[in-house]
Each structure stands twice: as structure tokens, then as C-alpha cells.
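Trainee: Got a structure for you, questions after.
Only the coordinates and a few stated rules stand behind these numbers; no lab work does. Everything quoted here is computed from the prediction, not taken from an experiment. Backbone-built Cβ (ideal geometry, glycine too); neighbour counts: all protein chains shown.
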């Protein structure tokens with residue numbers, strides 16, 4: 001039996017399939033960086049578990065407001081964490097809305113509504129990205 | 001063609017796909033839950049900050065409660081571990097032979113992480129520290 005070779009074209013679905021894997025693994029890596037840095041800054045004695053969870057999901061200084069950290073500007077709130085937050089928002093929101101698109105399109109099948117739903121999800125994605133980046137940079 | 005895709009919800013549950021089927025279903029449900037949770041949280045935080053809206057503040061208070069956190073940590077850890085399994089098996093397809101073993105391994109990693117987190121959350125909730 002001879003094996004056949006398939007040349008995958010760079011279709012939208014193919015690119016998003018790869019992006020879903022890469023962004024998912026990146027989000028786990030970013031969460032690991034967040035939780036390891038938190039312990040390096042002294043989270044063991046200054047932060048309780050729910051606060052640490054919130055920080056791990058999203059390293060925003062507003063998430064550690066209820067902790068015993070004396071000064072968040074020492075390590076916890078700076079440009080590095082703003083870049084990390086923007087990365088997490090980009091990977092997370094894109095991964096999430098693309099997944100939502102996949103689930104909806106699985107349910108509706110071939111339908112006249114498909115391009116409208118795609119457009120609506122794209123609008124939601126743009127809106128969420130703009131608002132999240134605004135909150136990260138100007139809060 | 002002959003394939004009937006119009007299967008009802010309960011008829012679909014009777015399909016005996018076993019562990020991989022349940023993992024696939026839970027992955028979708030937890031994924032949609034996270035899109036809803038994170039989307040609402042982004043907008044609620046924005047309006048809490050900009051307009052001080054009562055609704056947005058109340059949404060964030062619910063999100064900070066320990067019961068909600070037990071649910072959220074289940075959703076995030078399950079989706080993360082299951083997604084990691086899928087990504088690893090897709091990167092090295094020869095391990096697909098062991099996909100059922102991979103699912104058991106995933107469960108044995110999930111139980112201690114989730115169990116310990118829930119234990120500490122309930123312990124603090126009972127002690128009333130937040």
C-alpha cells in the first residue's frame with residue numbers, strides 16, 4: 001500500500017486549528033510564569049489562595065488588592081506584567097471566541113446565518129480586545 | 001446522505017463513546033462557560049472602573065465568592081489539562097494509541113490539584129477569613 005502525501009493549504013480553519021493548540025499551551029505557560037513569579041515575590045506569606053488564583057489567571061494589580069502585599073509597585077505592577085496581560089488577553093480572547101465560533105458552526109451546519117454569526121463574533125472579539133487593553137494600560 | 005445529524009440531546013447522551021466522549025463534551029461546555037465568564041468579567045470590570053455601576057460591582061462580588069471560585073477552578077483546571085492532553089497527542093500523533101491511558105493520567109493529575117484547591121477554599125470559607 002502506498003502512502004499518499006497531502007499538501008495542506010493555509011486555509012483559515014487550518015491556521016485557527018494550529019493557533020488553538022499554540023495559544024492553549026502558551027496560556028498554560030503564561031499562568032506558570034505568573035504563579036512562579038508570585039511565589040518569588042513572597043506570595044506564600046502575603047497572598048491567600050483565591051487572590052493567588054486570580055493573579056495566576058490574570059496578573060493584574062487589581063486582582064491582588066485584598067492581599068497583605070506592602071507595595072505592589074515592587075515587582076507586581078510594572079510594564080512587564082502589562083505586556084504579559086496583553087499577551088494573555090490576546091491568546092485567551094482569540095482562543096475563546098474562535099472556540100465559540102467552532103461550537104456554533106457545528107450546531108448550525110450549512111446555514112445562511114453563518115457569515116452574520118462570524119461577523120458578530122468578530123465584532124465581540126474586537127470590542128473585548130479594545131476594552132481589555134484599555135483596562136490594562138489605563139487603570 | 002444517509003447520515004442523520006439531527007440527534008436530540010438525551011439521545012446523544014446514550015451514545016456509548018466512553019471517557020473520550022465525556023471529555024470532549026466537558027471540554028466544550030467548560031470552554032463556553034469560560035468565554036461567558038471572562039467576557040462578562042472584562043465588561044463588568046470596565047464599567048465598574050469607569051462608571052461605578054452597581055450591576056457591574058455586584059457581578060464582580062459574585063465572581064469573588066468562594067462558591068463561584070470552586071466552580072471556576074474546576075472549569076479552568078479541567079479545560080487546561082484536557083487541552084494540554086489534546087495538544088500533546090496532536091503534536092505526537094503516535095501516542096494516539098494510548099489516548100485512553102492519557103485520559104486516566106489526566107484524571108490522576110486533575111484530582112489532587114482540584115481536591116487540594118477545593119479543600120483550602122472550603123477551609124478558609126469555614127474559618128470566615130473572606
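Trainee: Among A:83, A:72, B:35, which comes first, then next, by fewest other beta-carbon atoms within 10 Å? Numbers along the way, then the final one.
Mentor: Details: A:83 11, A:72 16, B:35 22.
Lowest count first: A:83, A:72, B:35.
Trainee: Further question: If I stretch the segment between residue A:32 and residue A:90 completely, what's the gain in nm (0.36 nm per residue apart, minus their alpha carbon distance), one decimal? Don't skip to the end; give the middle numbers.
Mentor: Working: separation 58, 0.36 × 58 = 20.88 nm, distance 1.71 nm.
So the extension gain works out to 19.2 nm.
Trainee: Hey, could you pull the Cα Rg and Dmax for the protein assembly as shown, both in Å?
Mentor: 20.6, 69
Trainee: While we're looking at this one, here's another question. Taking 0.36 nm per residue of sequence separation and subtracting the Cα-Cα distance, how much length would be gained by fully extending the chain between residue B:36 and residue B:104, in nm to one decimal? Intermediate values should be presented prior to the final figure.
Mentor: Details: separation 68, 0.36 × 68 = 24.48 nm, distance 2.87 nm.
Between residue B:36 and residue B:104, full extension yields 21.6 nm more.
Trainee: Determine the distance separating the Cα centre of the stretch B:39-105 from the Cα centre of the stretch A:74-95; give it in Å without decimals.
Mentor: So the separation of the two Cα centres works out to 17 Å.
Trainee: Could you list, bin by bin from short to long, the percent of Cα-Cα pairs of the stretch A:12-137 in 10 Å steps?
Mentor: The calculated distribution, bin by bin, is 12, 37, 27, 16, 7, 1.
Trainee: Okay, moving on. If you wrap chain B's Cα atoms in a convex hull and average its projection over all directions, what's the area in nm²? Show your work: numbers first, answer last.
Mentor: Numbers: hull surface 49.5 nm².
Quarter of the Cα hull surface area: 12.4 nm².
Trainee: What 222 nm value per residue comes from the helices of the protein assembly as shown, counting each DSSP H run with n ≥ 4 as -39,500 (n - 2.57) and dividing by all residues, nearest 500 deg cm²/dmol? Walk me through the numbers before you get to the answer.
Mentor: Numbers: 10 runs with 200 residues, N = 269.
Taking each H run of at least 4 residues, the total per residue is -25500 deg cm²/dmol.
Trainee: I'd like the orientation of helix B:54-64 relative to chain B: the angle between its Cα long axis and the longest Cα principal axis, in ° from 0 to 90, rounded to 10.
Mentor: 60 degrees
Trainee: Can you sort B:108, A:127 by how many other beta carbons sit within 10 Å, fewest first?
Mentor: In order of increasing Cβ crowding within 10 Å: B:108, A:127.
Trainee: Further question on the same structure: For the Cα atoms of chain A, what angle does the longest principal axis make with the long axis of helix A:79-108, in degrees from 0 to 90, nearest 10?
Mentor: 30 degrees
Trainee: Also, quick follow-up: Which order results if A:88, A:112 are arranged by neighbouring Cβ count within 10 Å, fewest first? Before the final figure, lay out the partial values.
Mentor: Working: A:88 22, A:112 7.
The fewest-first ordering by Cβ neighbours comes to A:112, A:88.
Trainee: While we're looking at this one, here's another question. Full extension from residue B:113 to residue B:125: what is 0.36 nm times the residue separation minus their Cα-Cα distance, to one decimal in nm? Please list the in-between numbers first.
Mentor: Values: separation 12, 0.36 × 12 = 4.32 nm, distance 1.84 nm.
Roughly 2.5 nm would be gained on extension.
Trainee: Hey, another quick one. Would you please state which residues of the stretch B:79-95 a label at residue B:22 would reach in this model, taking the label point 7 Å out along Cα→Cβ and a backbone N cut-off of under 16 Å?
Mentor: Output list for this probe position: B:79, B:82.
Trainee: Give me the inter-chain shielding for A:26-37: mean count of other chain Cβ atoms within 10 Å, whole number please. Present the calculation step by step, with values, prior to reporting the outcome.
Mentor: Details: counts 0, 4, 5, 0, 0, 2, 0, 0, 0, 0, 0, 0.
The per-residue average across the peptide is 1.
Trainee: Moving on. Please state the relative contact order of the stretch B:17-127 as a whole percent: Cα pairs under 8 Å, 6+ residues apart? Let's see the in-between values first.
Mentor: Numbers: 55 pairs, mean separation 33.1, N = 111.
About 30 percent, as a whole number.
Trainee: Working from Cα positions, state the angle (0 to 90°, nearest 10) between the long axis of helix B:66-91 and the longest principal axis of chain B.
Mentor: That works out to roughly 30 degrees.
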